[in-house]
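Undergrad: Please read through the structure below; I'll follow up with questions.
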Amino acid sequence: MSAYIDYTSPSVQYTFDVNKSPLFKKDANNFINVLGVQQLNSLENSSLLDIYLSAGNVVEPHYHQNAAELVYCISGAATVSMLNPFTKQLLNFPITPGQVANIPQGWWHYEIATADHTHLLAIFDAPQPEVILGSDILKFTPANVMSHTYCINEETWKKAVEPVKPSTYIGPYTDCNSPKVNLAGQQDMHHPYPQQQQQAVPYHHQYQQYQQYPYHPQQRNYWGYY
């Protein structure tokens with residue numbers, strides 16, 4: 001038992017209706033509910049996300065810097081993908097009802113529904129896991145920093161990320177007009193992530209004052225606390 005919970009207090013909660021705790025809703029078939037210590041104050045080192053997806057919808061790439069994640073498939077089917085930072089391999093694990101995929105703490109990952117009526121339960125070993133979302137990284141990193149770092153034309157980068165909305169959570173957007181990409185076919189367990197050889201390049205650019213953007217979601221957790 002946790003030392004900081006007063007189990008004699010009448011304010012201690014032992015039950016909660018997760019259906020009444022929405023985190024994000026894209027539409028009637030794609031939404032996420034949340035349960036953490038803010039909803040159920042008797043929780044210790046555990047929390048969860050209740051995830052509903054239709055085929056082709058993606059829980060956007062992200063990572064949890066303070067928690068591991070166990071994804072359990074209740075219904076439907078999904079592919080859980082993660083980047084192993086030690087082997088530089090992209091790992092894809094298809095799961096169906098009764099199967100799980102475990103994502104170590106801090107690993108870049110995402111989930112893609114491969115069937116309609118997919119229901120996933122994401123369980124964390126923290127009372128309120130922090131999250132850094134790919135959409136926030138893309139939207140709030142200054143374009144000139146990305147351009148200089150990766151030798152990308154700045155205007156090309158700006159145009160590429162202009163449609164990105166912060167805190168996407170579930171993609172693609174309902175108003176997305178891009179051609180549909182078949183991501184549901186990721187069935188291989190291991191995909192090599194090619195490493196590019198880096199070469200020393202003379203730094204001809206003059207130092208410049210990069211435009212600063214306040215990155216408020218940096219320490220965001222699923223309950224809006226920092």
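The values are calculated or read from the model by the stated rules, or taken from the named source; none is laboratory data. Keep in mind that this is a model prediction, so the values were computed, not measured. No Cβ is skipped: glycine too gets one built from the backbone with ideal geometry, and neighbour counts run over all protein chains shown. The protein model used for the area step is the full one, side chains on, heavy atoms only, and it has no ligands, DNA or RNA in it. Shrake-Rupley method; radii C 1.70, N 1.55, O 1.52, S 1.80 Å.
Undergrad: Is the shape of segment 93-133 best called rounded, prolate or oblate, per the rule: a/c under 1.5 gives rounded, else a/b larger than b/c gives prolate, else oblate, with a ≥ b ≥ c the square roots of the Cα gyration tensor eigenvalues?
TA: Prolate shape, in that a/c is at least 1.5 and a/b is the bigger ratio.
Undergrad: Hey, another quick one. Any idea how far the Cα center of segment 132-177 sits from the one of segment 59-95, in Å?
TA: 22 Å
Undergrad: Can you give me the orientation-averaged projected area of the convex hull built on the Cα atoms of segment 59-185, in nm²?
TA: Orientation-averaged projected area of the Cα hull: 9.1 nm².
Undergrad: Rolling a 1.4 angstrom probe over the protein chains, ignoring ligands and nucleic acids, what is the accessible area of His117 in square angstrom, nearest 10?
TA: 150 Å²
Undergrad: Run down the lysines and flag those whose C-alpha is under 21 Å from the C-alpha of Lys139, throwing out any fewer than 8 positions away in its chain.
TA: Lys25, Lys26, Lys158, Lys159, Lys165
Undergrad: Sort Thr96, Thr174 by accessible area with a 1.4 Å probe, largest first.
TA: The ranking, largest first, comes out as Thr174, Thr96.
Undergrad: Loop-only trypsin sites (Lys or Arg not before Pro) in segment 1-96, please: DSSP not H, G, I, E or B, and at most 11 other Cβ atoms within 10 Å.
TA: Taking segment 1-96 and a limit of 11 other Cβ atoms within 10 Å, the loop trypsin sites (Lys or Arg not before Pro) found are Lys88.
Undergrad: Which value, in Å² rounded to 10, gives the accessible area of Ile112 with a 1.4 Å probe and all protein chains present?
TA: Answer for Ile112: close to 0 Å² accessible.
Undergrad: Can you give the net charge of the other residues whose Cβ lies under 15 Å from the Cβ of Thr118, counting K and R as +1 and D and E as -1?
TA: With Lys, Arg at +1 and Asp, Glu at -1, the neighbours total -3.
Undergrad: Give me Rg/Rg_expected for segment 1-145, where Rg uses Cα atoms only and Rg_expected = 2.2 N^0.38 Å with N residues.
TA: Ratio of Cα Rg to 2.2 N^0.38 Å: 1.13.
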